[in-house]
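Below are the structure tokens for one structure; questions will follow.
The values are calculated or read from the model by the stated rules, or taken from the named source; none is laboratory data. Owing to the predicted nature of the structure, the values given are computational and were not obtained by experimental measurement. Glycine gets a Cβ as well: all are built from the backbone with ideal geometry, and neighbour counts include every protein chain shown. Areas reflect the complete protein model, heavy atoms only, side chains present, ligands, DNA and RNA absent. Shrake-Rupley method; radii C 1.70, N 1.55, O 1.52, S 1.80 Å.
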Amino acid sequence: MAVPDELPVPSAPGIIQEIVEQHAEEAAFLWSLRDRATDQPHFTVHQLAELDERVESHLDGLRVAGEVGLKTASAQLEQYAGPGELFAVGTLALEDRRESLIESVLDFVECAPGSWRGLFGAIGWVSADALRGRAATWLEASAAFRRLLGVVACSLHRADPRSKLDALLNDEPLVRTRALRLAGELGRADLRYRLVEALRGEDVGCGFWAAWSAGLLGERRATVPVLQAFAIREGPFRWRALDLVIRLMDRESVIVWLRELAKDVMQARLVIVGAGILGDPVVVPWLIEKMSQAAMARVAGEALSMITGVDLSEHNLEGAPPEEFAAGPTDEPSDETIAIDLDENLSWPDSAKVRAWWGRGEQRFAVGVRHLRGVPLTQDTCEAALREGRQRQRRAAAYELALMSATRPLLNWRGTWSGRAG
């Protein structure tokens, strides 16, 4: 992406080009790391905040370098065209506010859809003041991509476009999918019936986000069957659907559903994750049994931690990986494995140690009561998880808090205390 020619490039005494290049490289790399970290099981909010500080320090280096920093970041975007590089340039451009520069960024993005996430990240990174007036202009743009950016800005900053959202719910699918999602994120209970009507549409993405948002707003009857269908089949919405649908069902219905799914070995992982979401200690002995199966051991350990709050490492409940177990691709030329290891960052539990630990402490957990991180599920429990928990525990807490009131916005668990929307 070329910086517009009319932008002056002043002489820059004291600026060392190699250091500016390093700032651009590190800002792109660390943001990409941060973007992945938001959904990783081992990252805490404290670690995420530390990453934020590191990203911001390199962005500061680019800001101090002025036009040299901008041109250097833009040159790297031209070379690599990755989301991280676009994040760095997009952040500088949005903060700069010059129309020619922002238009140059948007022109680049429209030709490189694989890098869109980087621009979304920049929109979430900058302050709401940096977007003031711009997001509203995007929402009313003639180009669908610009309207999408307006909806993304509202989504990441949890800003309500009010009556404009009504029209966006009738937009073309590119925009409509994110608008349907925004209705749930904002707790727009007044749009609940519009969302139920949208369930009958033909676009798969629109159908999912209509069900997801309607469910967040308290609609169970129409959304539970739809979300269950998304959860049991492979696809981009599977785990989001499971995350919500378990929370919309009553305890007995969840147990019946999971028992039925457990008859299909292809659903084994889904059932274990679902048990962790349910949060009822009644499932713990079953989870411990699953720890003896190499393919399911680590995800069962995570479900146990979600319910009981136990840290396998801190409590010396970790075991060694089975010698014969290999997950994900390796460096061996003869290895034809291409699937990634979904549990790469989870601990290996020692089932015998976990069983003994549970035997000593199970009386502390009331069967039939949903738990999160070892404590019965309440508003205080969720707020503590958001402050102190690991990322997937924070996500669980955000969902639970939103479901306590149909008009409560869904908190952005990808954000930190720094105000970065993620």
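I'd like to check one number: the per residue accessible area of region 136-233, probe 1.4 Å, reported in Å² as a whole number.
Numbers: 4000 Å² over 98 residues.
About 41 Å² of surface per residue is accessible.
Keeping the other protein chains in place, figure out the carbon and sulfur percent of the accessible area of the chain, with a 1.4 Å probe. Numbers along the way, then the final one.
Values: 10070 of 19420 Å².
That share works out to 52 percent.
Stick to Cα atoms and the Kirkwood definition of Rh, then tell me Rg/Rh for the chain.
Working: Rg = 23.2 Å, Rh = 23.3 Å.
Using Cα coordinates only, the ratio equals 1.00.
Something else: Can you pull the Rg over Rh of region 51-207, Cα-only, Kirkwood? Spell out each step's value before the answer.
Numbers: Rg = 16.6 Å, Rh = 16.5 Å.
Rg divided by Rh gives 1.01.
Rounded to the nearest 10 degrees, what's the angle between the helix 238-248 long axis and the longest principal axis of the chain, both from Cα atoms, 0 to 90?
60
Also, quick follow-up: Give the angle, between 0 and 90 degrees and rounded to the nearest 10, that separates the Cα long axis of helix 99-110 from the longest principal axis of the Cα atoms of the chain.
That helix lies at roughly 50 degrees to the long axis.
At Gln379 and Ile102, where each label point lies 7 Å from the Cα along Cα→Cβ, what is the point-to-point distance in nanometres?
3.8
Between Glu324 and Glu53, what length in nm is gained on full extension when 0.36 nm per residue of separation is reduced by their alpha carbon distance?
Stretched fully, the Glu324-Glu53 segment lengthens by 93.5 nm.
Out of Thr137, Thr72, Thr407, any idea which swings most in a Gaussian network model of the chain, alpha carbons joined below 10 Å?
Evaluated over the chain, the most mobile residue of the options is Thr137.
For the chain, with a Gaussian network of springs between Cα atoms less than 10 Å apart, report the residue from His315, His157, His58 with the top mean-square fluctuation.
It is His315.
While we're looking at this one, here's another question. Report, in debye and to the nearest 20, how large the dipole of the chain comes out about its Cα centre when Lys and Arg carry +1 and Asp and Glu carry -1 on their Cβ. The partial results should precede the final answer.
Numbers: 48 positive and 61 negative charges, 434 e Å.
Roughly 2080 debye for the chain.
Using DSSP to call loops (not H, G, I, E or B), can you name the trypsin sites (Lys or Arg not before Pro) in region 109-208 whose Cβ has at most 16 other Cβ atoms within 10 angstrom? Write down the numbers at each step before the final one.
Numbers: sites: Arg117, Arg132, Arg134, Arg146, Arg147, Arg158, Arg162, Lys164, Arg176, Arg178, Arg181, Arg188, Arg192, Arg194, Arg200; in loops: Arg132, Arg158, Arg162, Arg188, Arg200.
In loop regions of region 109-208 (DSSP not H, G, I, E or B), the sparsely surrounded trypsin sites (Lys or Arg not before Pro) are Arg132, Arg162, Arg200.
Return the equivalent ellipsoid semi-axes of region 139-290 as a descending list in whole Å, where each equals the square root of 5 times an eigenvalue of the C-alpha gyration tensor. Walk me through the numbers before you get to the answer.
Numbers: eigenvalues 218, 41, 36 Å².
Taking √(5λ) for each eigenvalue gives 33, 14, 13 Å, largest first.
Shifting gears a bit: Pick out, in residue order, every one of the GluC sites (Glu not before Pro) in region 240-315 that is DSSP loop and has at most 10 other C-beta atoms within 10 Å; say none if there are none.
Details: sites: Glu252, Glu260, Glu289, Glu302, Glu314; in loops: Glu314.
Within region 240-315, the qualifying GluC sites (Glu not before Pro) (loop, at most 10 other Cβ atoms within 10 Å) are Glu314.
Based on C-alpha coordinates, I'd like the Rg and Dmax of region 166-235, in Å.
That works out to 10.9, 32 Å for Rg and Dmax.
With the Cα gyration tensor of region 15-72 in hand, give its eigenvalues times 5 under a square root as the equivalent ellipsoid semi-axes, listed largest first in whole angstrom. Display every interim value, and only then the final one.
Details: eigenvalues 133, 19, 11 Å².
So the equivalent ellipsoid measures 26, 10, 7 Å along its semi-axes.
Right, here's the next one. Which trypsin sites (Lys or Arg not before Pro) in region 233-279 pass both tests, a DSSP loop state and at most 14 other beta-carbon atoms within 10 Å? Write down the numbers at each step before the final one.
Details: sites: Arg233, Arg238, Arg240, Arg247, Arg251, Arg259, Lys263, Arg269; in loops: Arg233, Lys263.
Listed in order of number, the matching sites are Arg233, Lys263.
Please list the equivalent ellipsoid semi-axes of region 338-414, computed as the square roots of five times the alpha-carbon gyration tensor eigenvalues, in descending order and whole angstrom.
Values: eigenvalues 138, 87, 19 Å².
Square roots of five times the eigenvalues give 26, 21, 10 Å.
Between Trp357, Trp212, Trp116, which gets the highest mean-square fluctuation from a Gaussian network model of the chain, Cα cutoff 10 Å?
Trp357
Over the Cα atoms of region 240-304, each weighted equally, I'd like the Debye log10 I(q)/I(0) at q = 0.14, 0.16, 0.28 Å⁻¹, rounded to two decimals.
-0.35, -0.46, -1.38
His315 to Ala229: FRET efficiency via 1/(1 + (r/R0)^6), r the Cβ-Cβ distance, R0 41 Å, to the nearest 0.05?
Details: r = 38 Å, r/R0 = 0.94.
Once rounded, the FRET efficiency stands at 0.60.
What value, in deg cm²/dmol to 500, does the helix sum -39500 (n - 2.57) over DSSP H runs of n ≥ 4 give at 222 nm once divided by the residues of the chain? Kindly include the intermediate steps, with their values, before the conclusion.
Working: 21 runs with 247 residues, N = 422.
Calculated mean residue ellipticity at 222 nm is -18000 deg cm²/dmol.
Place a point 7 Å from Cα of Met404 in the direction of its Cβ. Which residues in region 183-215 have their backbone N less than 20 Å from it?
Of the residues in region 183-215, 184-189, 215 have backbone N under 20 Å from the label point off Met404.
A follow-up question, please. Given bins 10 angstrom wide, list per bin the percent of all Cα-Cα distances in region 126-203, short to long.
Spelled out per bin, shortest first, that is 20, 54, 23, 3.
Using only Cα atoms, find the angle between the long axis of helix 391-403 and the longest principal axis of the chain, and express it within 0 to 90 degrees, rounded to the nearest 10.
80
Rg and Dmax in Å for region 15-120, alpha carbons only: what are they?
Cα only, region 15-120: 13.5, 41 Å (Rg, Dmax).
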